[in-house]
Every structure is written in structure tokens, then in C-alpha cells.
Amino acid sequence: MSQQVRAVVAMSKGAPVSLETIVVPDPGPGEALVKIEACGVCHTDLHYREGGISDDFPFLLGHEAAGVVEAVGEGVTDVAPGDFVILNWRAVCGQCRACLRGRPWYCFDTHNARQKMTLADGTELSPALGIGAFAEKTLVAAGQCTKVDPAAPAAAAGLLGCGVMAGLGAAINTGKVGRGDTVAVIGCGGVGAAAIAGSRLAGAAKIVAVDIDDRKLATATKLGATHTVNSRQADAVDAVRELTGGFGADVVIDAVGRPETYRQAFYARDLAGTVVLVGVPTPEMKLELPLLDVFGRGGALKSSWYGDCLPSRDFPMLIDLYLQGRLDLDAFVTETIALDDVEKAFERMHHGDVLRSVVVL
Ligand SMILES: NC(=O)c1ccc[n+]([C@@H]2O[C@H](COP(=O)([O-])OP(=O)(O)OC[C@H]3O[C@@H](n4cnc5c(N)ncnc54)[C@H](O)[C@@H]3O)[C@@H](O)[C@H]2O)c1
Ligand SMILES: [Zn+2]
Ligand SMILES: [Zn+2]
């Protein structure tokens, strides 16, 4: 059995996305069928459309989503029909070398649905990050569904499925920001703004937001930045050092992912401090640094995938903090849009007009 639903598909490289009818199979063993309620538009969806991730067109886009489980396949015990869930792209396997060493947030063999969703003519779809949630319904591995408190609105909850979790986790999990730390965040889009919110949650004493766009610095302040630097007008490294007693910050998070921002992060950090790279570079980018500085400054240079999150541990906790008013997820939702507005949302994202556009179904 299967059903037909409407979904946003990138049919070929660089072409605008289109609304298509897709065929979603009933869940098989270990799978879950989820009725999508909201799905944020992430930069990665645009990368897929542009062919920057792979050539496996057509892509079923969307991967920052929350919804309600409609049906589950054989052997699924963690979630049941009616559960309100956030979809994740880290359904841990429990058996790879990372999982076996008790570090499941690095799982190297994460699960997705085994059955394929298709176009009406039978062409197999590649779901973005194994999710594909710009759709009325999608099929995932049951482990990709994390149950959270249904009191949270879907538009806010779904954001934890990708970018906002990546930023929060870059600060809390990867950077291990703690009470009294000084933090600088370079790039204050959805991911960087979340790193700022995460640093505030973790008790950072000073949080310096760095961006080239004053609109982003304004939202950064709303989410917890204590100081802002427009790096078009001032030298980012000098400014962060000045604001931290001349030393640099304990943790600097690069949420842009370019050689120049990484170099700023590297030198805006105090001795023995930590750099976290969460922005995603492109294949042609290269970095050159004096090796003696890498050695002499000590500390840690880390990268953060998905904020080193463990969905089962982090999503319910962050939703609880949201419901207590301690984490303002609503501040990330610039606009809510319909399924057929995704292409326009890409445009606005490209111009830096939004933190997040969220499709609400
Ligand atoms: N590591 C992960 O798991 C993960 C997950 C999701 C997204 N990402 C990546 O994080 C990055 C940020 O994503 P986003 O959704 O926040 O994007 P975004 O486009 O919303 O934000 C980028 C921000 O960086 C600013 N910026 C650009 N160039 C700059 C510069 N030279 N100096 C300072 N600021 C600059 C822009 O003004 C903007 O505010 C992207 O590379 C995205 O692919 C990583
Ligand atoms: Zn694993
Ligand atoms: Zn994403």
C-alpha cells in the first residue's frame, strides 16, 4: 500500500523547485510515516538544489521538521501513531565504532527509511538528509523521530531538527561553553544566532556577536549577545580582544565557514581557547596558518556536525527549556509560508532577509 501527497522537489540542477505529487509507501519494519506540520528552510536545501551536495536528482527537499506520527512499521516500539515528533538526521545505529565506545553523537552509520519514496511515474526520490519534509507526509526510519512535548508549536519545534540545533550544540556540546566563559560568534544567521542563545543558556559572561549585516546583529542582541561588532566597519580580531581585556574569547564559533572567518576565529581566541567550526566550507576553500601559532596558542580546534547533538537527549530537554521561556525558538521564525513558497524563501535567504522561513502545513 502507498499514498500520494504533495511535496517540493528539485527536479534538476539549478532549476527552480516545483510542487509535485509523490508516492509514499506504508511504513515497513523499523520505519515511520509522519504527517508533517512544519518544516524550516535551511541553506542546505538550497545547496541540494544547486547540485552542491550530490547529483542524485530528483531531491525531495526539507529536513528541519516537526509533525505527528501517522503509522509505524513492524518492530517499532519507541514511537507510536499520534506522537508529536521532531525529525532528526542522526538516528544512531548503536553498533558502529563510535556508538560502541559510548559516543553515539558521532554515530558513523545513521539510519534512514529503507523503502524509497517516488514521483508518480516511479522515479526514485533522494530525500534531503534522509528526511524530505517539504511534503504533506514523509517516510523515515523510526529512530529519526524524537518525541517531544506536544505543547510546543511545530514551527518552533521543527527548527531543532537542523540549523538551530547545530548552533546551540556548537556552543553547548562541542565548544563546552560554561558559566563565566567569554564567547565570540562569527556569522549570526540562524546557526550563529542559535550559538549565541546556547552560550547564554550555558551561562557565558560575555557574548560578542560578529556579522557584516546590522540586521543580524540586532537579532543577535535579542538572543543574548552582550556586544556586537560589524566586521565590515571594524577589525573583528581587534574588537573581540578589546572586549575581552585584551586577551580574546575562551570560545570562538565560526558559523560562516570561510578561510577569512576561520582565521579571525583562530586569532580572536584567548590562549588555550577553543575554536568551533560549524559553518560549512566549499570544496575549493583552503586555509593557511603559521603552524607555530597553532602549536603556541594551545587549546582546541574543533568542528561541529549537527552540534554534536544526541536527539533523544537534546530535543526533549531544549523543548522543555523553550516551554519554560528560557530558550526563545520563536525568535528564529521570521515568517511562516506555504509549501509552494519555498523558491521565494530561497531568494529571501540569499539576500539575508530572514533567519528562518518556515513552511507550515
Ligand atoms: N555543521 C552543521 O551541522 C550545520 C548545520 C546547518 C547549517 N550549517 C552551516 O552553517 C552556516 C550558517 O548557516 P545559516 O543558516 O546561519 O546561514 P545564514 O546565511 O542564515 O547566515 C550566515 C550569516 O553569516 C554572515 N556572514 C557572511 N559572511 C560573513 C563574514 N565574512 N563575516 C561575518 N559574517 C558573515 C551573514 O551576514 C549571515 O548573517 C552555513 O554554512 C550552513 O551550511 C552547518
Ligand atoms: Zn553508530
Ligand atoms: Zn539544515
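Quick notes on this one:
- Subset of region 69-117 (residues that are among the hydroxyl-bearing types (S, T, Y) and away from ligand 3 (no atom under 16 Å from the Cβ)): T77, Y106
- Selection status of D314, at pLDDT 95 or above, assigned to a helix (DSSP H, G or I), charged (D, E, K, R) and crowded, with 16+ Cβ neighbours inside 10 Å: yes
The rows are residues; the columns are (1) touching a helix residue (DSSP H, G or I) at 6+ places or on another chain (Cβ under 6 Å); (2) within 25 Å of L323 (Cβ to Cβ).
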residue: I131; (1), (2): no, yes
residue: C145; (1), (2): no, yes
residue: G169; (1), (2): yes, yes
residue: I172; (1), (2): yes, yes
residue: R179; (1), (2): no, yes
residue: G187; (1), (2): no, no
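- Taken over region 33-60, residues that are in a strand (DSSP E or B) and either farther than 23 Å from E335 by Cα or among the hydrophobic types (A, V, I, L, M, F, W, C) (or both) amount to 7.
- Residue match in region 290-297 (condition: within 18 Å of V185 (Cβ to Cβ) and either modelled with pLDDT of 95 or more or under 24 Å from the mean Cα position of the chain (by Cα) (or both)): no
- Yes/no for G82 being over 21 Å from D340 (Cβ atoms) and of a type outside the set (A, V, I, L, M, F, W, C): yes
- For region 37-74, the set of residues classified as in contact with a strand residue (DSSP E or B) (Cβ under 7 Å, 6 or more places away or on another chain) and without any contact (Cβ under 8 Å) to a residue 60 or more places away in the chain consists of V68, A71, listed by residue number.
- Breaking point among (1) within 17 Å of the chain's Cα centre (by Cα); (2) under 25 Å from V342 (Cβ atoms), for G122: (1)
- Leading residue by the ranking (surrounded by the most Cβ atoms within 10 Å (Cβ to Cβ)) among those in region 102-133 that are without any contact (Cβ under 8 Å) to a residue 40 or more places away in the chain and in contact with a strand residue (DSSP E or B) (Cβ under 7 Å, 6 or more places away or on another chain): N112
- Residue in region 188-195 that is away from ligand 1 (no atom under 11 Å from the Cβ), surrounded by 24 or more Cβ atoms within 10 Å (Cβ to Cβ) and either among the aliphatic types (A, V, I, L, M) or under 29 Å from A38 (Cα atoms) (or both) present: no
- Here L217 passes the criteria (1) closer than 25 Å to D308 by Cβ; (2) touching a strand residue (DSSP E or B) at 6+ places or on another chain (Cβ under 6 Å); (3) not in a loop (DSSP other than H, G, I, E, B) except the one numbered (1).
- Taking the criterion of being closer than 24 Å to R356 by Cβ and free of Cβ contacts under 8 Å to residues at least 40 places away in the same chain, the residues of region 230-252 that qualify are N230, R232.
- Selection within region 84-100: residues that are among the small types (G, A, S) and within 9 Å of ligand 2 (Cβ to nearest atom). The member of this set that is farthest from V68 (Cα to Cα) is A98.
- Those residues of region 75-101 which are at negative phi and in contact with a strand residue (DSSP E or B) (Cβ under 9 Å, 6 or more places away or on another chain), in sequence order: V76, D78, V79, A80, P81, D83, F84, V85, I86, L87, N88, A91
- Residue within region 8-28 that is modelled with pLDDT under 95, surrounded by fewer than 16 Cβ atoms within 10 Å (Cβ to Cβ) and among the acidic types (D, E) present: no
- Filter result for F247 (surrounded by fewer than 17 Cβ atoms within 10 Å (Cβ to Cβ), within 23 Å of A220 (Cβ to Cβ) and touching a Leu at 6+ places or on another chain (Cβ under 9 Å)): yes
The values are calculated or read from the model by the stated rules, or taken from the named source; none is laboratory data. Just so you know, these numbers come straight off a predicted model, no measurement behind them. Methodologically, a virtual Cβ is constructed for each residue, glycine included, from the backbone with ideal geometry; neighbour enumeration extends over all protein chains shown.
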